[in-house]
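Enquirer: Dropping a structure here in structure tokens format, bear with me for questions.
The values are calculated or read from the model by the stated rules, or taken from the named source; none is laboratory data. As the structure is a prediction and not an experimental result, all values here were calculated from the model. Here Cβ is always computed from backbone atoms with ideal geometry, including for glycine, and neighbour counts include all displayed protein chains.
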Amino acid sequence: MQALNRVMLIGNLGKDPKVAALNNGSKVASFSIATSESWKDKASGDRRERTEWHNVVVYNEDLIGVAEKYLKKGARVYVEGELRTRKYQDQAGADRYTTEIVLSAYRGAILMLDKSERTPPAEDDYGTTRTRPATTAGGGGGGAAAPQDFDDDIPF
């Protein structure tokens, strides 16, 4: 039986992305995204809002480049990745856990939703920027399928 682990978020960056070098020479980018919902409280009639913060970690080199060049605090983005929980030790030596949205080397997406005065890496017909890693031979996945040019004789 297969399982599905996909997370899709639309939110705003809480701060500029941080890019760091790993021991093996590759890079990693990290940033946080705020997602909010608002509603009218039935009992009081007051407007209520709840904000959730999500930590995002990017291991895909192409997406790290996009994050580094184009993403800034407050930017509205769509992020697609997978949920991972990892264990670490704090300064006192106590075990801690954190859950993150991970955009791995071969999977994940960042879609810039703000209009920018800078030239984005690629723009689709809707004026948004879509950056996905290329699909690898062997089905690494994550890349969007290329549109097919159908030459059907449809009578309408």
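Enquirer: Six or more apart or on different chains, Cβ atoms under 7 Å: show the pairs whose first residue is in segment 39-57 and closer than 29 Å to Ser104 by Cβ and whose second is modelled with pLDDT of 90 or more and not in a strand (DSSP E or B).
Expert: Cβ pairs passing all conditions: Trp53/Gly14.
Enquirer: Out of the residues in segment 1-47 that are in contact with a strand residue (DSSP E or B) (Cβ under 8 Å, 6 or more places away or on another chain) and hydroxyl-bearing (Ser, Thr, Tyr), which is nearest to Lys73 (Cα to Cα)?
Expert: Ser32
Enquirer: Sticking with this one: Taking segment 72-100 only, how many residues are under 13 Å from Gly11 (Cα atoms) and buried (at least 20 other Cβ atoms within 10 Å of the Cβ)?
Expert: Of the residues in segment 72-100, 2 are under 13 Å from Gly11 (Cα atoms) and buried (at least 20 other Cβ atoms within 10 Å of the Cβ).
Enquirer: OK, next. Say whether the condition of being part of a loop (DSSP other than H, G, I, E, B) and either touching an Asp or Glu at 6+ places or on another chain (Cβ under 7 Å) or among the polar types (S, T, N, Q) (or both) is met by at least one residue in segment 45-61.
Expert: Within segment 45-61 (the criterion being part of a loop (DSSP other than H, G, I, E, B) and either touching an Asp or Glu at 6+ places or on another chain (Cβ under 7 Å) or among the polar types (S, T, N, Q) (or both)), the answer is yes, since at least one residue qualifies.
Enquirer: Hey, can you tell me all the residues within segment 70-119 that are assigned to a loop (DSSP other than H, G, I, E, B), touching a residue at least 12 places away in the same chain (Cβ under 8 Å) and of a type in the set (Asp, Glu)?
Expert: Correct list: Asp114 only.
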